[in-house]
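Engineer: Pasting a structure below so you can have a look.
The values are calculated or read from the model by the stated rules, or taken from the named source; none is laboratory data. Please read all numbers here as calculations on a predicted model, not as lab measurements. Glycine also receives a Cβ, built like all others from the backbone with ideal geometry; neighbour counts cover every protein chain displayed.
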Amino acid sequence: MNKKRVFIKRRPDNMPADYLIREADGLARLSRHILAVPDCRLRTPRVELVDEQLLHLEYIESVVPTDQHMQLLGKGLATFHQPTEESFGLEKNNFIGLSRQHNTWSDDWGRFFVEYRLQYQIECIKNLEIREDFCQFLESHRIQLVEFLNRSNPQSSLLHGDLWSGNVLFDDNHVWLIDPATYYGDREVDLAMTEMFGGFSEAFYKAYDMCFPRSTDYHHKKVIYNLYHYLNHYNLFGSGYLPACYQAILYVENME
């Protein structure tokens, strides 16, 4: 009799007690959403066990993705993003990587993203001089950012929230989403992050756009949305990500 294989994830010693529980909650939310969306062929690994110390997940025998896999991911994600909600955010805090991600419910997307994503990360910066630079930038451009993000008329879609190539697995027949940082927001948050570190082929973007084309403002929004992730990576991993943060700020300052 074959023993069922599981992937075991242990809570890092420096993380809060609910770290793995929030991850399991995110996977469950994604799974419920996928099941409710017709023809969405994405998958999430089944949670076998979760407590404050351990998370046991269904083991995925992953393979190197082909163009067909990428097309399946693109179409699946576009289908996943189409059902909409009335509000943005989430009812509870969760995590993005090793960082706490603060949430609330809001009917104002621009304000939510500026305050609960950009401002929160800026307030976490330990270097006082750099923090002050970024605080001044945000205060000078707060109204501009909020109005621009709201003017693009985003729908509230369920987001994976941390959609880089390391958080997508492929087996022979399916695409699997792992390590979510879920909340409800502009779907182009997920699309923007796919461009940060590469790993998503042109076949992915073509398949997505055929089902649910990106907005005409996407090229601006992706810079703003990825500033959140660059700030988070700077806070977690150090100065190697600081130039990307400043580059995004310069872009916003010159954005028409």
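Engineer: Kindly indicate the residue of segment 229-256 that is free of Cβ contacts under 8 Å to residues at least 24 places away in the same chain and assigned to a loop (DSSP other than H, G, I, E, B) and also nearest to LEU138 (Cα to Cα) among those meeting that condition.
Structural biologist: Restricting to residues being free of Cβ contacts under 8 Å to residues at least 24 places away in the same chain and assigned to a loop (DSSP other than H, G, I, E, B), the top hit is ASN254.
Engineer: Just for segment 35-48: of the residues that are surrounded by 12 or more Cβ atoms within 10 Å (Cβ to Cβ) and either free of Cβ contacts under 8 Å to residues at least 24 places away in the same chain or touching a Leu at 6+ places or on another chain (Cβ under 7 Å) (or both), which one is farthest from VAL168 (Cα to Cα)? Show your work before the answer.
Structural biologist: So in segment 35-48, the residues surrounded by 12 or more Cβ atoms within 10 Å (Cβ to Cβ) come out as 37, 40-48.
Now drop any that are not either free of Cβ contacts under 8 Å to residues at least 24 places away in the same chain or touching a Leu at 6+ places or on another chain (Cβ under 7 Å) (or both), which leaves 41-42, 44-48.
Working: ARG41: 13, LEU42: 10, THR44: 10, PRO45: 11, ARG46: 15, VAL47: 16, GLU48: 19 Å.
Here the answer is GLU48.
Engineer: Related question: Pull up segment 146-180, narrow it to residues that are of a type in the set (Phe, Trp, Tyr) and closer than 20 Å to LYS75 by Cα, then point me to the one that is surrounded by the most Cβ atoms within 10 Å (Cβ to Cβ).
Structural biologist: Residues of segment 146-180 of a type in the set (Phe, Trp, Tyr): 148, 164, 170, 176.
Retained after the next criterion (residues that are closer than 20 Å to LYS75 by Cα): 164, 170, 176.
On the way: TRP164: 18, PHE170: 20, TRP176: 18.
Going through the qualifying residues, I end up with PHE170.
Engineer: Let me ask something else. For segment 67-117, how many residues are free of Cβ contacts under 8 Å to residues at least 60 places away in the same chain, part of a loop (DSSP other than H, G, I, E, B) and over 14 Å from the mean Cα position of the chain (by Cα)?
Structural biologist: Matching residues across segment 67-117 total 4.
Engineer: Looking at segment 122-138, can you tell me whether even one residue there is basic (Lys, Arg), over 15 Å from LEU236 (Cβ atoms) and in contact (Cβ under 8 Å) with a residue 12 or more places away in the chain? Spell out the reasoning first.
Structural biologist: Step one: filter segment 122-138 for residues basic (Lys, Arg), giving 126, 131.
Then drop every residue that is not over 15 Å from LEU236 (Cβ atoms), which leaves 131.
Pick out the ones that are also in contact (Cβ under 8 Å) with a residue 12 or more places away in the chain and you get none.
No: zero hits.
Engineer: Take the residues of segment 206-228 that are out of contact with any helix residue (DSSP H, G or I) (no Cβ under 6 Å at 6 or more places or on another chain) and either of a type in the set (Val, Ile, Thr) or under 19 Å from HIS141 (Cβ atoms) (or both): which is surrounded by the most Cβ atoms within 10 Å (Cβ to Cβ)?
Structural biologist: ILE224
Engineer: Pull up segment 37-55, narrow it to residues that are among the hydrophobic types (A, V, I, L, M, F, W, C) and modelled with pLDDT of 95 or more, then point me to the one that is farthest from PRO16 (Cα to Cα). Spell out the reasoning first.
Structural biologist: Filtering segment 37-55 for residues among the hydrophobic types (A, V, I, L, M, F, W, C) gives 37, 40, 42, 47, 49-50, 54-55.
Filter once more, keeping what is modelled with pLDDT of 95 or more: 42, 47, 49-50, 54-55.
Details: LEU42: 30, VAL47: 20, LEU49: 18, VAL50: 14, LEU54: 13, LEU55: 14 Å.
If we take residues in segment 37-55 being among the hydrophobic types (A, V, I, L, M, F, W, C) and modelled with pLDDT of 95 or more, then LEU42 is farthest from PRO16 (Cα to Cα).
Engineer: If only one of ILE122, ILE130, ILE143 is modelled with pLDDT of 95 or more, in a helix (DSSP H, G or I) and under 19 Å from the mean Cα position of the chain (by Cα), which one is it? Break it down into steps so the answer makes sense when it comes.
Structural biologist: Working: ILE130 fails: under 19 Å from the mean Cα position of the chain (by Cα); ILE143 fails: under 19 Å from the mean Cα position of the chain (by Cα).
Among ILE122, ILE130, ILE143, only ILE122 is modelled with pLDDT of 95 or more, in a helix (DSSP H, G or I) and under 19 Å from the mean Cα position of the chain (by Cα).
Engineer: Taking the condition of a type outside the set (Asp, Glu), in contact with a helix residue (DSSP H, G or I) (Cβ under 8 Å, 6 or more places away or on another chain) and within 15 Å of LEU159 (Cα to Cα), does GLY198 pass? Write out each step before concluding.
Structural biologist: On the way: of a type outside the set (Asp, Glu): yes; in contact with a helix residue (DSSP H, G or I) (Cβ under 8 Å, 6 or more places away or on another chain): yes; within 15 Å of LEU159 (Cα to Cα): no.
Taking the combined requirement at face value, the residue does not satisfy it.
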